[in-house]
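Okay, so here's the structure we're looking at.
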Amino acid sequence: MKISYYNGQFKNDDEITVDYNDRAFYFGDGVYEVVRVYNNEFFTLDEHMDRLIRSASEIGIEDLDRSKMVEIVTQLNKQNNISDGSIYIQVSRGIGKRNHAYPLDTKPVVLAYMNETARPTDQMEEGISAITAEDYRWLKCHVKSLNLLANVMEKERAVRAGAHETILNRQGIVTEGSSTNVFIVKDGVLITHPADNMILNGITRLEVLKVAELRNIAYEEKTFTVKELMEAEEVFITSTTQEVTPVIEVDGEMIGKGLKGKVTNALQEGFNERIHKLNLVK
Ligand SMILES: *Cc1c(COP(=O)(O)O)cnc(C)c1O
């Protein structure tokens, strides 16, 4: 039996009903996080909580109680006893009759549940294929918003093309994937889009940059083009669930040798050490 949480209550999963006036439904009016669980413990929970509070604040939800949120996820983790998996946490603006303007006196509504999920070990070894597409999302991509219409449409485009991820670009500048950050290796240097309003600054992205620092792998947070992507020595994507996954083919063309690259491998090793709490540097 799975225990989940909605609007103040812990319940068996199949007993949860949600309020149809929850603004998450009408407007995607809220924010969310996905946190990985390894060996029954949250990985980088503080960072995810910080980002959740920040995302909420960016959309004008200012009264989130961080310690309460931590209590909810800690409770769920105790009650569900998931060794390898993740927790999904969403915060909507609240409940109120459908109206674009915010309802008066509404309180944020929290939804949270856990999933058992294995690490994508095959993909991390063998790599995945991706396609490219135009990034037509809004200009607040740094907010982890529930509004994911463009992201789901672009992910579906990848699936229909028999690929795994869609790598987005604005006027030829690669931003990120539909649910992942994108890195390339060019002339031995690791490059990823700067953390501005055009991308969601992934916690995994930041972990990878810390690993690069620790292992003396040169990196730059600067923009790169689709052309540079196609001609890169290595390409990989990162996210909480995808970890560090090589991209070996883009738009049907092979990247590098079509295999996981050396830099990607070193970063995977370093990331693994962090999961197992070795080499932890803030
Ligand atoms: C969540 C997300 C990521 C990855 O962030 P992580 O914190 O590493 O999971 C990247 N891009 C988008 C659009 C996302 O929503």
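The values are calculated or read from the model by the stated rules, or taken from the named source; none is laboratory data. As the structure is a prediction and not an experimental result, all values here were calculated from the model. Positions of Cβ are backbone-derived with ideal geometry, glycine not excepted, and every protein chain shown enters the neighbour counts. Calculation scope for accessible area: heavy atoms of the full protein, side chains included, ligands and nucleic acids excluded. Shrake-Rupley method; radii C 1.70, N 1.55, O 1.52, S 1.80 Å.
Any residue in the stretch 196-208 that is open to solvent by 10 Å² or more (accessible area, probe 1.4 Å) and within 8 Å of the ligand (Cβ to nearest atom) sitting within a Cβ distance under 7 Å of a residue that is part of a loop (DSSP other than H, G, I, E, B) and charged (D, E, K, R)? List the pairs, counting only those 6 or more apart or interchain. Filtered contacts from the stretch 196-208: L200/K144.
Filtering the stretch 1-13 to residues that are exposed (fewer than 15 other Cβ atoms within 10 Å of the Cβ) and either in contact with a strand residue (DSSP E or B) (Cβ under 6 Å, 6 or more places away or on another chain) or within 15 Å of Q79 (Cβ to Cβ) (or both) leaves M1, Q9, F10, K11, N12, D13. Specify the residue that is nearest to the ligand (Cβ to nearest atom); the eligible residues are those in the stretch 181-190 that are within 19 Å of E253 (Cβ to Cβ) and open to solvent by less than 10 Å² (accessible area, probe 1.4 Å). Per the stated criteria, the residue is V182.
Return the residues of the stretch 67-83 that are under 15 Å from R36 (Cα atoms) and surrounded by 14 or more Cβ atoms within 10 Å (Cβ to Cβ); say none if nothing qualifies. Answer for the stretch 67-83, where residues must be under 15 Å from R36 (Cα atoms) and surrounded by 14 or more Cβ atoms within 10 Å (Cβ to Cβ): V70, V73, L76, N77, N80, I82. If you check K155 against the conditions, is it out of contact with any Cys (no Cβ under 9 Å at 6 or more places or on another chain), in a loop (DSSP other than H, G, I, E, B) and among the basic types (K, R)? So K155 fails the test. For the stretch 32-66, the set of residues classified as free of Cβ contacts under 8 Å to residues at least 40 places away in the same chain and not charged (D, E, K, R) consists of L45, M49, I53, S57, listed by residue number. The single residue among I72, I87 that is within 17 Å of the chain's Cα centre (by Cα) and not in a loop (DSSP other than H, G, I, E, B) turns out to be I87. Open to solvent by 60 Å² or more (accessible area, probe 1.4 Å), in contact (Cβ under 8 Å) with a residue 60 or more places away in the chain and within 16 Å of the ligand (Cβ to nearest atom): which single residue out of T241, T245 fits that description? After ruling out the rest, the residue left standing is T241. When restricted to residues that are open to solvent by less than 60 Å² (accessible area, probe 1.4 Å), within 15 Å of the ligand (Cβ to nearest atom) and among the hydroxyl-bearing types (S, T, Y), the stretch 131-173 contains 2.
Here is the figure for the stretch 209-218: residues that are within 23 Å of L259 (Cβ to Cβ) and either within 10 Å of the ligand (Cβ to nearest atom) or among the basic types (K, R) (or both) total 1. Restricting the stretch 209-238 to residues that are under 18 Å from the mean Cα position of the chain (by Cα) and within 21 Å of S129 (Cα to Cα) leaves a set whose member that is surrounded by the fewest Cβ atoms within 10 Å (Cβ to Cβ) is T238.
The residue of the stretch 20-66 that is farthest from the ligand (Cβ to nearest atom), among those that are open to solvent by 80 Å² or more (accessible area, probe 1.4 Å) and within 29 Å of F271 (Cβ to Cβ), is N39. Cβ-Cβ distances below 8 Å connect the following pairs, each with a first residue in the stretch 67-92 that is farther than 20 Å from I275 by Cα, a second residue that is open to solvent by 60 Å² or more (accessible area, probe 1.4 Å), and a separation of six or more residues or different chains: Q75/F10; L76/F10; L76/Y113; Q79/F10. Of all residues assigned to the stretch 119-135, at least one qualifies as being of a type in the set (S, T, Y), more than 17 Å from R51 (Cα to Cα) and not in a strand (DSSP E or B).
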